[in-house]
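Asker: Submitted below is the structure of interest, expressed as structure tokens.
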Number of protein chains: 2
Amino acid sequence: MRDIDNTVLSSRVRLARNVAGLPFPHKLESEAAFGFMKKVSDLLKNTDRFSLYLMSRLDDLRKKALVERHLISPDLTKNSRCGAVMINADESVAVMLNEEDHIREQSIVKGFDISGAYERVRRVDDRIISGVSLAYDDALGFLTSCPTNVGTGMRASVMMFLPALTRSGKMPSLVKALTAKKMTVRGIYGEGSENSGYLYQISNKISLGYGEEEILRSVNTAAVRLCEFEAEERQALYQGNKIALTDRIMRAKGILQNAYVLPLGEFFERFADVKTGVALGLIKCRDVGRLNSFLTDVLPANLTLKRGAAMTETEREIFRAEYTAKNLAEILN
Amino acid sequence: MRDIDNTVLSSRVRLARNVAGLPFPHKLESEAAFGFMKKVSDLLKNTDRFSLYLMSRLDDLRKKALVERHLISPDLTKNSRCGAVMINADESVAVMLNEEDHIREQSIVKGFDISGAYERVRRVDDRIISGVSLAYDDALGFLTSCPTNVGTGMRASVMMFLPALTRSGKMPSLVKALTAKKMTVRGIYGEGSENSGYLYQISNKISLGYGEEEILRSVNTAAVRLCEFEAEERQALYQGNKIALTDRIMRAKGILQNAYVLPLGEFFERFADVKTGVALGLIKCRDVGRLNSFLTDVLPANLTLKRGAAMTETEREIFRAEYTAKNLAEILN
């Protein structure tokens with residue numbers, strides 16, 4: 001396993017598109033909104049088994065679960081008038097309709113594969129361009145609701161898990177350095193007050209004045225560098241206190257596999273230790289992709305959907321413990 | 001599994017005997033001491049594969065290991081002039097020579113089986129009586145160095161593991177009640193400052209004026225009652241907080257099976273939780289006898305002998321963790 005596949009959880013490319021001649025979504029009449037929605041739906045529905053979900057028809061739990069899986073934005077859920085999303089069968093592509101822009105095409109793939117994500121979203125983009133007249137200016141490029149997205153309309157990002165840099169307190173200075181290089185680093189927090197604390201989304205800040213390849217390359221470079229820093233920091237922490245760190249890692253594994261009650265906040269802490277153990281080779285993991293998917297699977301809404309029934313907070317913590325123990329046992333030795 | 005087999009770790013019967021016409025060991029000439037020692041040795045050596053160990057020939061580590069296994073007393077180790085012990089092959093019988101009395105015959109068997117221990121020690125006693133003239137008074141019975149042992153010379157005891165009664169703070173009043181019934185309750189501590197805190201030896205206080213059967217019965221009754229109290233207290237603790245106790249128990253199991261460093265004090269705490277889990281049926285254990293043997297196996301000297309090499313404190317804590325994880329995995333599901 002490459003270290004970067006352990007550190008980069010997922011790679012994402014998003015393209016912002018708008019329909020020519022229509023007001024932006026927040027000022028759009030429902031009729032017009034549903035008009036282009038039908039067009040996009042017709043273009044995609046027979047490819048890659050896309051399904052259409054209208055925000056007006058989804059209950060809160062399912063909306064929250066899609067947000068937890070990063071398939072839709074919290075903002076989209078607020079547009080219950082004409083907000084919608086099309087998602088393909090393996091959930092690697094999601095096309096939000098009537099979010100900030102008319103169309104937001106995005107592909108998320110597991111692990112470190114920004115160009116793979118770009119290839120996927122480009123195929124969807126080509127298909128949409130083939131049937132929808134998009135707002136495009138020869139000088140500026142694609143026109144978008146927010147000026148920062150004008151141009152390529154592209155945002156490429158990686159989701160990184162950085163416990164060593166976070167714990168050693170080095171993230172703030174790295175965020176500053178990356179910001180100076182026109183990158184945006186955003187700490188990703190779970191729903192509610194709990195947060196993982198170790199998750200960061202690194203993306204390009206501006207999409208105007210740079211070509212697609214340039215953007216992909218810049219995010220790629222930033223991810224590789226951050227991964228190297230994380231590996232150095234992890235080794236430094238380990239070499240500085242091998243016994244205590246090994247003990248903490250192995251206990252974290254034991255607790256995740258045996259606890260009867262598992263609050264989300266504690267889950268993140270133990271999980272960070274287990275991930276560190278995998279990165280250091282102290283724990284063998286047969287499927288890092290599946291390991292990473294815990295970070296979504298154990299969140300409240302997704303856990304509730306897996307259970308198939310509403311739960312009290314305590315019941316959820318018990319189910320989280322059960323789910324974690326069972327599924328970890330299948331991928332850790 | 002009977003609950004009492006989980007609570008009573010071992011049963012022991014000891015008979016104090018002295019050779020007629022000889023001063024007690026602390027005033028005994030070496031020549032005389034070795035004289036009766038040879039006699040006893042000759043009587044036992046061809047039965048049950050007894051081996052003779054002279055304190056003068058054992059190194060400190062091996063002496064300490066025998067003390068940890070309750071096969072000899074700390075006092076015996078101090079008599080490096082003519083102190084000795086004969087131990088049979090399965091270590092269920094140990095005959096100390098020149099401890100406080102000339103001969104201290106004892107049998108320790110696993111679990112709750114006081115009469116089984118008595119049967120074993122009686123066979124050894126018969127054999128010794130057949131060849132050694134013992135100090136015996138028709139009115140008083142067997143004569144011993146300490147007056148409390150005069151009479152039957154017998155002390156019957158059980159080693160009990162009582163985490164619920166200890167944690168709920170009920171032991172002091174129970175000890176008082178048992179003391180009033182002429183029983184002795186002694187908290188058993190490990191070597192050094194660490195202690196299990198949950199181990200108690202319950203025995204008869206006086207051996208004069210009571211018949212053997214009466215003593216066995218009284219210890220038996222005390223053990224059964226204490227076991228019932230422990231079970232009631234355990235259930236009360238469990239019913240009062242099922243979720244939190246289950247969580248603590250399962251985490252303790254996970255930590256004992258995964259920790260990389262395991263200090264003795266922590267071992268005892270986690271072990272008490274695991275034992276409680278077994279008693280409550282939350283953890284399945286295929287071999288309670290082997291589970292109980294951890295309480296001896298992980299002590300410093302025995303652990304060092306198992307490793308076969310001297311260790312620093314940290315190395316020992318690492319080896320204890322390794323030993324515990326490996327052996328627990330074989331008996332817990």
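The values are calculated or read from the model by the stated rules, or taken from the named source; none is laboratory data. If you're wondering where the values come from, they're calculated on a predicted model, not measured in any experiment. Cβ: placed from backbone, ideal geometry, glycine included. Neighbour counts: every protein chain shown. Only protein heavy atoms, including side chains, enter the accessible area calculation; ligands, DNA and RNA are left aside. Shrake-Rupley method; radii C 1.70, N 1.55, O 1.52, S 1.80 Å.
Asker: Kindly report, to the nearest 10 Å², the accessible surface of A:Arg122 as traced by a 1.4 Å probe over protein heavy atoms only.
Answerer: Spelled out: A:Arg122, probe radius 1.4 Å, area about 90 Å².
Asker: Given the C-alpha centroids of the range B:219-239 and the range B:118-132, what is the distance between them in whole angstrom?
Answerer: Cα centroid to Cα centroid, the span is 34 Å.
Asker: Based on the alpha-carbon gyration tensor of the range A:251-302 and its eigenvalue square roots a ≥ b ≥ c, which shape applies: rounded if a/c is under 1.5, prolate if not and a/b is larger than b/c, or oblate? Let's see the in-between values first.
Answerer: Working: a/c = 2.06, a/b = 1.31, b/c = 1.58.
Oblate shape, in that a/c is at least 1.5 and b/c is the bigger or equal ratio.
Asker: Rounded to a whole number, what % of the accessible area of the protein assembly as shown do carbon and sulfur atoms account for, probe 1.4 Å?
Answerer: Answer for the protein assembly as shown is 51 percent, counting heavy atoms of protein chains only.
Asker: For a test of the definition: using alpha carbon positions, the gyration tensor, and the 1.5 limit on a/c, classify the range A:67-136 as rounded, prolate or oblate.
Answerer: Oblate.
Asker: Now a separate question. For B:Met159, what accessible area in Å² do you get when you roll a 1.4 Å probe over the heavy atoms of the protein chains, rounding to the nearest 10?
Answerer: In the full protein context, B:Met159 sits at about 20 Å².
Asker: Is the shape of the range A:159-238 best called rounded, prolate or oblate, per the rule: a/c under 1.5 gives rounded, else a/b larger than b/c gives prolate, else oblate, with a ≥ b ≥ c the square roots of the Cα gyration tensor eigenvalues?
Answerer: It is oblate, given that a/c is not under 1.5 and a/b is not larger than b/c.
Asker: Under 11 Å from a point 7 Å along the Cα-to-Cβ line of B:Ile331: which residues of the range B:226-257 have their amide N that close?
Answerer: None, by backbone N distance to the label point.
Asker: Continuing with this model, one more query. Taking θ as phi - 60°, what are the ³J(HN,Hα) couplings along the range B:12-23 by the Karplus curve (6.51, -1.76, 1.60), each to the nearest whole Hz, with x for Gly and Pro?
Answerer: Whole-Hz 3J(HN,Hα) from phi for the range B:12-23: 9, 10, 10, 10, 9, 9, 9, 7, 4, x, 10, x.
Asker: If a paramagnetic tag sat 7 Å from the Cα of A:Ala20 along the Cα-Cβ line, which residues of the range A:80-115 would have the backbone N under 18 Å from that point?
Answerer: Once the point is set 7 Å along Cα→Cβ of A:Ala20, A:102-103 turn out to lie under 18 Å by backbone N, inside the range A:80-115.
Asker: Could you work out the mean count of beta carbons from other protein chains within 10 Å of each residue's beta carbon in A:260-268?
Answerer: 2
Asker: For the pairing of chain A with chain B, what total accessible surface becomes buried, with a 1.4 angstrom probe, in square angstrom to the nearest 100? Mind dumping the intermediate values first?
Answerer: Working: alone 15210 and 15200 Å², together 29020 Å².
Result for this pair: about 1400 Å² buried.
Asker: Let me ask another. Could you pull the copy-to-copy label distances for A:Ala310, with points set 7 Å along Cα to Cβ, in nm to one decimal and sorted shortest first?
Answerer: 6.8
Asker: Same structure, new question: Could you give the semi-axes, largest first, of the ellipsoid that matches the protein assembly as shown, computed as the square roots of 5 times the alpha carbon gyration tensor eigenvalues and rounded to whole Å?
Answerer: After scaling each eigenvalue by five and taking roots: 75, 25, 16 Å.
Asker: Please work out the Kirkwood hydrodynamic radius for the range A:1-96, using every pair of different C-alpha atoms, and report it in angstroms with one decimal place. Mind showing how you got there, number by number?
Answerer: Numbers: mean 1/r = 0.0676 Å⁻¹.
14.8 Å is the Kirkwood radius here.
Asker: Something else now. Once the convex hull of the alpha carbons of the range B:51-102 is built, what does its volume come to per residue, in cubic angstrom?
Answerer: That works out to 68 Å³ per residue.
Asker: So the label point sits 7 Å from Cα along the Cα-to-Cβ vector; using that for A:Asp3, what distances do you get to the other copies, in nanometres, sorted shortest first?
Answerer: For A:Asp3, the inter-copy label distances come out at 5.6 nm.
Asker: Next question. Which value, in Å to one decimal place, does the Kirkwood hydrodynamic radius take for chain B when every pair of different Cα atoms is included?
Answerer: 21.0
Asker: Distance in whole Å from the A-onto-B rotation axis to the closest C-beta of chain A, together with the residue it belongs to, please.
Answerer: A:Gly254, 2
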